[in-house]
Structure formats: C-alpha cells, structure tokens
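A.B. asks: Next up is a structure, given as structure tokens.
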Amino acid sequence: MANLDILIYPDDRLRNVATPVTDVDEETRALISNMFETMYEAPGIGLAATQINVHQRVVVIDVSENKDQPLTLINPEIIESDGRVEHEEGCLSIPGIYEQVTRPELIKFAAIDRDGNPYEMEADGLLSICVQHEIDHLNGVLFVDHLSALKKRRIRKKMLKHEKDR
Ligand code: GNR
Ligand code: NI
C-alpha cells in the first residue's frame, strides 16, 4: 500500500476546494486505507485528502492514545457549534510550526462512514479541533489563515526559506 506524499505550505494545491463524494465505492475505500497508512506513518492525528493532492471531501482522524480508534469522515459538515477555545495546532503540511488557534469548543457534525452510512457525532476537546482543522483543509483553508497577517507572513517566509532543505 502507498505511503503518500504530503503537500507542503505554501503549495497552491492546498488551496483547492474539494468536491463531495457521490458514491462510496471500492476506490474510495482504497483511498481511505492509503490515507490512514499515511497519517499513522507521519505520524498525525488527522489527514484530509487535499493534503495528498486528492481533491475529494474525505478525512481520516485518530486522536486516541493507542491509535486504535480510526474515524472516517466523508462529506463532513458542522451542523452546530458552541463556545470558543484556544489550542495549539500543528499541520503535516506546515512542518515545524505550532501556533495557538481559537475555534468553537464544541461541535456537532454530520458525515458518511467508509460503508457509505451517514452518521452524526458530537465532539469536544482535541477531536473537535481536529475535525474543524480537517474540514478547513477540504475548503482550502490552513490553520495559519486563522493567525494575524504578520504571523502568517513570517511562517510563509520561513517555509519558503527551508524549501530547499527538503
Ligand atoms: O497531527 C496533527 N496534529 C494536530 C494538532 C493540533 C491541531 C490539529 C492537528 S491536525 C495534524 C495533522 C494534520 O495536519 N491534519 O490536517
Ligand atoms: Ni493539517
């Protein structure tokens, strides 16, 4: 199975808006398997298809300690949110950068699972933050977009400077 390359900021392809999945088929399930492998290998707690240059609305998440609670979100939508909380975020597409981001604290979201069944789930804590971070990716949004223009400029410069090292 493929361990896929992750796009690195400021790659323009991270700005694509992903297309909804119309049919959860074997091809979708193969994509999901590859995404879990890539996420666990990285390692990360979430991965959006956008980050591996596949512009479909597919997200994989596992925020558990033992990496044994995989969660698949196809066409995810936040349907309720409440509160505000600040939390340090990182991103596999912006390696080495960690910043505080303020987002809604509690969410309720709807999505489709890998068998094609719709579900709804309430989330708080790290799961809530991760779901919001991943849905942002599907919309071409990165956590640095939630920071001040000054901070974002500094991060962009730093990433470009280190581009040659990769
Ligand atoms: O691995 C990840 N950790 C993380 C930490 C705080 C907030 C969000 C995240 S998601 C990130 C993986 C990633 O880049 N997903 O898109
Ligand atoms: Ni990310």
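The values are calculated or read from the model by the stated rules, or taken from the named source; none is laboratory data. Since the model is a prediction, treat every value here as computed from it, not as a measurement. Note that we place each Cβ from the backbone using ideal geometry, even for glycine, and neighbour counts take in every protein chain shown. Surface accessibility is based on the protein's heavy atoms, side chains included, excluding ligands, DNA and RNA. Shrake-Rupley method; radii C 1.70, N 1.55, O 1.52, S 1.80 Å.
A.B. asks: How much mean residue ellipticity at 222 nm does the chain get from its helices, if each DSSP H run of length 4 or more adds -39500 (n - 2.57) and you divide by all residues, to the nearest 500 deg cm²/dmol?
C.D. replies: About -8500 deg cm²/dmol.
A.B. asks: Another question, if that's okay. Whenever you get a sec, compute what percent of the accessible area on the stretch 1-148 sits on carbon and sulfur atoms (1.4 Å probe).
C.D. replies: Within the stretch 1-148, the accessible surface is 45 percent carbon and sulfur.
A.B. asks: Turning to a different aspect of this structure: State the Cα centre-to-centre distance between the stretch 63-117 and the stretch 5-19 in whole Å.
C.D. replies: If you average the Cα positions of each part, the centres end up 18 Å apart.
A.B. asks: In a GNM of the chain with a 10 Å cut-off on Cα contacts, which of Asn75, Asn66, Asn34 has the highest mean-square fluctuation?
C.D. replies: Asn66
A.B. asks: Taking amide hydrogens as modeled 1.01 Å from N in the peptide plane, which residues meet the under 5 Å criterion relative to Val85, leaving out close sequence neighbours?
C.D. replies: Correct list: Arg103, Glu105.
A.B. asks: What accessible area per residue comes out for the chain, rounded to a whole number of Å², with a 1.4 Å probe? Present the calculation step by step, with values, prior to reporting the outcome.
C.D. replies: Details: 9020 Å² over 166 residues.
Per-residue value: 54 Å².
A.B. asks: Quick check for you: which residues of the stretch 99-121 have the amide N under 19 Å from the point 7 Å beyond the Cα of His162 toward its beta carbon?
C.D. replies: 99-101
A.B. asks: Along the Cα-to-C-beta direction of His55, a point sits 7 Å from the Cα; which residues of the stretch 1-29 have their amide N less than 13 Å from that point?
C.D. replies: 12-20
A.B. asks: Which of the lysines could a cross-linker bridge to Lys152, judged by Cα under 16 Å and excluding same-chain residues fewer than eight apart?
C.D. replies: Lys161
A.B. asks: For the chain, what mean projected area does the convex hull of the alpha carbons give, in nm²? Don't skip to the end; give the middle numbers.
C.D. replies: Working: hull surface 38.3 nm².
Averaged projected hull area, Cα only: 9.6 nm².
A.B. asks: With a cut-off of 18 Å, note down the residues of the stretch 48-87 whose backbone N falls inside the zone around a label point 7 Å from the Cα of Lys108 toward its beta carbon.
C.D. replies: Flagged as within label range: 76-84.
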